[in-house]
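J.: Before I ask anything, here is the structure I am working with.
Values quoted throughout were computed directly from the atomic coordinates according to the rules given, and no laboratory measurement underlies them. All figures in this text were calculated on a predicted structure; none of them were measured in a lab. Don't worry about glycine lacking a Cβ; one is built from the backbone with ideal geometry, like all the others, and counts go over all protein chains shown.
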Amino acid sequence: MKGSMFGLGRNQLADLLRVGLEHEASETDRDRSVASVLEAKLASTLPLDISVADSLPAVLGRPCDALAGYRGRSTADLLLDPRADADALVTLKDYAKELVKRSRSEVTTTVATVLYYAAIASALVLHDIKITDHDYRQLERSFAELADEPWLPGHLQALVAGARRICEMKVRDECPGR
Amino acid sequence: MGGPNERFLTTDWTVILRAQGRNKQSRREAMGELARRYWKPVYAYLRRKGNSNEEAKDLTQGFFERVVLGRGLVQKADAVKGRFRNFLLRSLELYARGVHRAKTAKRRRPDGGLVPLEGLESFNVPEPADGVTPEECFNFNWAAALLEEVVEEVKHQCRTFHEQVHWELFHALVLKPITEGSTPPSIAELCARHGIASTAKASNMIVTVKRRFRATLMCQVRPLVGSDAAVDDEIRDLLEILSRNGARS
């Protein structure tokens, strides 16, 4: 691929630039909003947004404590790092849960829900730990729904797909006749 | 693991600021980064100005070494904060006029060695047809350099996030038909080839990469234009330049 752009004609270059200006017809405004807010949330650096943490007395302190070792790294990094501390994922999950409760917009609720399940998925896939009381059947359904969302970024799709497979196996182990 | 936006943290204006620093090694590295990104449009412009291949290569290196860094262009650049493409082009025009007045390629070789330009020896600007101005040549190659960075970055992100199949779909259905003029395969065919459960799923995967392409393009252009609002304007401006009647269509 390297160098190939320089042999292109003006129409080809223009067509490629237009790809960057397109909004997919299948994408709704809501999809775009969710994708945009989620991307920003995943790129935001840890510890978590202090202004949010300040409004969450129940978890105040814990985000900074558990996530102190990840200072300056992004939320996406934490979710995708197999060497991350599972306690940090628990903190992220709790943070997301509080965010869902306190959310006043549908987009924020959706994004917080994604973070919540992403933390659970990361713990399952990368640490082999279940950090929620939800049973595997419930989790499998939730991961399946999430995996089909068009706005879910690819790295989270892979994580969620992996968690879903683990849940399927656990359900089979628990109910061999299924 | 680096985040998807990690590579965008070092952008053009910050590279320029680094190039203004006192640390010689840091200045040289920043210079090399600027040259790596922009030497092709500069070279294309100088070729179109009537310089031979060798002259244009020497002049390109001289421009970055002596003008961009040596004559305090980077200090002026900080004050301008406008569209970096236009700023660089204006500076290049002034440089080319100076070259015309004192045309001795060897004497223009900068003291202290040349900035290494990756691929310079083998790079050749496709010969434009008559009627293409040096400015248009610069802009064509600017667009090409920009798109090359974007495509490479999107490909890199897909690889980092284990989305090779996402990339394959995007490449087969979007990129290859544009760059090679090939007829794209059907989505059903690609689903069968890659073991994707449904065409809807495949469509979503392509949307994901297209969104990433857009985001990457925005991230690449944003530091070159000074504000979010100017990003679309800059891309539309490039589109207008590319859409004008002329060569290489």
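J.: Dividing the Cα convex hull volume of region A:95-143 by residue count, how many Å³ per residue is that?
T.: Per residue, the Cα convex hull of region A:95-143 comes to 74 Å³.
J.: Please report, in debye to the nearest 20, how large the charge dipole of region B:130-249 is about its Cα centre when each Lys and Arg carries +1 at its beta carbon and each Asp and Glu carries -1 there.
T.: The dipole magnitude comes to about 660 debye.
J.: Please name whichever of B:157, B:195, B:138 sits farthest to the positive end of the charge dipole of region B:130-249, dipole taken about the Cα centre and charges placed at Cβ: Lys and Arg +1, Asp and Glu -1.
T.: Towards the positive end, the residue furthest out is B:195.
J.: Let me ask something else. Subtracting the Cα-Cα distance from 0.36 nm times the residue separation, let me have the gained length for residue B:194 to residue B:33 in nm, one decimal.
T.: 54.2 nm
J.: According to the square roots a ≥ b ≥ c of the eigenvalues of the Cα gyration tensor, what is the shape class of region B:144-187, taking rounded for a/c under 1.5, prolate for a/b larger than b/c otherwise, and oblate for the remainder?
T.: Note, shape of region B:144-187 comes out oblate.
J.: Still on this model: Based on the mean of other beta carbon atoms within 10 Å per residue, what is the order of A:112-120, B:184-192, most packed first?
T.: A:112-120, B:184-192
J.: Of A:130/B:155; B:176/B:201; B:40/B:155; A:93/B:155; A:97/A:170; A:41/B:155, which ones are farther than 26 Å apart at the Cα?
T.: In this structure, A:130/B:155; A:93/B:155 exceed 26 Å between Cα atoms.
J.: Which whole-Hz ³J(HN,Hα) couplings does region B:51-59 yield from phi under the Karplus relation 6.51 cos²θ - 1.76 cosθ + 1.60, θ = phi - 60°, glycine and proline marked x?
T.: After applying 6.51 cos²θ - 1.76 cosθ + 1.60, I find 7, 5, 3, 5, 4, 4, 5, 4, 5 Hz.
J.: Spelling out what I want: for every residue of region B:181-190, take phi, set θ = phi - 60°, compute 6.51 cos²θ - 1.76 cosθ + 1.60 (Karplus), and round to whole Hz; glycine and proline get x.
T.: x, 7, 7, x, x, 6, 5, 4, 4, 5
J.: Grab the beta carbon distance between residue B:87 and residue A:86, set R0 = 56 Å, and tell me the FRET efficiency rounded to 0.05.
T.: Between residue B:87 and residue A:86 the formula returns 0.65.
J.: Collect residues whose amide H, placed 1.01 Å from N in the peptide plane, falls under 5 Å from the amide H of residue A:132; neighbours closer than 5 in sequence don't count.
T.: Amide H neighbours of residue A:132, under 5 Å, 5+ apart: none.
J.: ³J(HN,Hα) across region B:168-177 via Karplus (A = 6.51, B = -1.76, C = 1.60, θ = phi - 60°), whole Hz, x for Gly/Pro?
T.: Per-residue couplings from phi come out as 4, 5, 4, 4, 6, 9, 10, 5, 5, x Hz.
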